[in-house]
Structure formats: C-alpha cells, structure tokens
Amino acid sequence: MKTYKKLTIGIMILFVGLSCSTPFRLVTWKEYVSGRVKQTVDAIIAQKTADALRVMTQTAPTLTPQVSQESGDDESQAEYSRDRRARPCYYARLVGESVPDGSDFEPGEYFQKSWSLRNVGSCVWYPDMRLVFKSGDQMEGPDSVRLNEYVEPGEIGTFTVELSAPEDEGRHSGYWWMQSAEGYRFAQVYVKIDVEEPEEEPTEEPTEEPTEEPTEITGVELSASQESLLDPCPVTVTSSAAITANGPGEFRYFWELGTGEESDDFYVTFDEAGTQTVSYDWVFSEPGTVEFRLYIIPVDVYGPLEYSVECTIP
C-alpha cells in the first residue's frame, strides 16, 4: 500500500514537471472540425489520383505490334467486351484476304489486294487509321491508304490497295502494317505473288492446200458423115466432135455452120479425165461444100471443118 502511494505521487510530480516545460493550449471545437475535414479531403484526393494512374496504365497502347490469324468468324461478340481493360488499345486479327499467297500473275498485270481485320483491341479505329507500306516490293502501290470508316472493338475493317505485278519473274512479297493517327504502328500484313511469263503457243506453219488444176478441154477432133452419097436430096449430114478433158467437169457447147446457122446449146459431162464424142444432125436440100465449127463456152472455138455434101437432085 505504501508502495502504490509512492508510485502515484511520483507520476503526479512528473506530470507537473512536463507541464511546466511544454507549452500547452486548449483546442477549440472549430479548430478540431477543420483539422478533421482537411484530413478527409487529402485522403479522397490521394485515392482519386491512385485510381487515375491505374486506369491510364491499363489502357495505354502496348509498344509491341501484334496481329493474329482468326480461326473463324463465329466467335461471340461477348469475347471482345469481356475484361476489355486486359486488352491493348490497338490489336488486330486477320479474318480474310483476297489474292491467296502464291497466286500467279503475268509481268505488269494489275490486281487488287484486300485484307479484312477484326478490331480485337479496346480502342475504336477511326477513319484516319491507315495501312502503310513497310518493306519488300511495293508493286507500284501507294505509300498508304485510309480506312475511311469507324470500326468499333469486335467489328471488322477492310483495307484495299491497287497493285501491279513486277516485270521480273519469280516470287515477290510486300509488307504493310496499320498506323493510328498518333503514328502508332501494329498488325503487319503481306502480299506474296509469283510472276511468270505467259507460255507462247506454238505457231503452226500454214499448210498448203493441194491445188487442183482446173478441168480443161485438152483436145477436140471434128468429123462429119452421111449415110449414102447417092441418096436423093435432101440428105442428113452428121457433124461429130471427140472432146478430151483432163478431169471431171461439165461444159456447154453449140455448133455453127459457115452460113451462120447455129444449133441449140448442149452440155457434155465428164466424171473423170477422158474423151467423149458429141454429134449433131444437119439437113441439106442440095449438094455443095459446107463448113462446121464447134463452140465450147465461153471462148474456145474449134474448126472450121469443111465437108462436101453429096446428093442427087430429083
């Protein structure tokens, strides 16, 4: 008990000594409230600053260009909205293209190459997004082409470039990548073609058609006769012609007397080369000398053949 009293008295003496050596002032209620408000405001500002820094860190574009090949177009749209903060701002996946790798073109042949890419990042692609030539063979293409459309995350955008196959034969490749308006580049794509000269078709030598010589009359022998030289006038005299041709054909002909009298037109037909005999009967009412001519149309004339008609006048 005595010990407890001694300890209590010592503590009181220590407290009085400290009070004398340390300044002491009572705090008013207004000062107390102001201090608590300041502490609260400082805590809120510190929390907001920390949250803003965390959001900026999660949504900043990654510095590694990325592109991947999509296995199909049936992927759910929910995949692109799920935990978007975990995705980079600019990220693309190739879902389709024209002109498959290894397509054949002739030197200088023009063609279009298109790439369809899905926006699998967390940022919108604006119309001023570009596809920029990177390296390889540019194939007379532009330095860049604009997207010219808005592509939300999960949607597909398409770039198309006009190209021309190089003049040199062989495999040619050109590489392109996307570029944002801020100059950030990502999603490399490429075109690969084979250039080949067209095969020359063999030139066929013109074959000469066998020329057939036109069928011609190669000879004509004229003759004339009558049945009896003692018959009374009038008598019948037959004029004849042995016509030779060098091949098949048909010829028109007629006879003419020296007096100008003509026969009707007739035809002689050859199935092959050879000789055929044609004749015509004339009637004379008195004896005398006559002339026979054979005309083969258009211009051949054979004769004249002179013949003496013999008959007795009653």
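The values are calculated or read from the model by the stated rules, or taken from the named source; none is laboratory data. This structure is a prediction, so every number in the text was calculated from the model and none was measured. For accessibility, only protein heavy atoms count, side chains too; no ligands or nucleic acids. Shrake-Rupley method; radii C 1.70, N 1.55, O 1.52, S 1.80 Å.
A few points about this structure:
- Cα pair distances exceeding 16 angstrom across the stretch 269-314, given as percent: 58
- The three principal axes of the Cα atoms in the stretch 184-226 give end-to-end lengths of 121, 16, 10 Å, sorted in falling order.
- Sequence-separation-based contact order of the stretch 215-309, relative, with Cα cut under 8 Å and 6+ spacing, percent: 30
- Contact order normalised by residue count of the stretch 152-278, Cα under 8 Å, 6+ apart, percent: 16
- Rolling a 1.4 Å probe across all protein chains gives residue 186 an accessible area of roughly 0 Å².
- Ranked from largest to smallest solvent-accessible area, with a 1.4 Å probe on the protein heavy atoms, 185, 93 come out as 185, 93.
- Diffusion coefficient (Stokes-Einstein, Kirkwood radius over C-alpha pairs, 4 °C, 1.567 mPa s) for the stretch 190-267: 66 µm²/s, rounded to a whole number.
- Area accessible to solvent at residue 129, 1.4 Å probe radius, in Å²: 10
- Isotropic mean projected area of the C-alpha convex hull, the stretch 124-214 (nm²): 10.9
- The fraction of Cα-Cα pairs per 5 angstrom bin, counted from 0 for the stretch 88-144, comes to 4, 13, 19, 25, 19, 11, 7, 3, 1 percent, rounded to whole percents.
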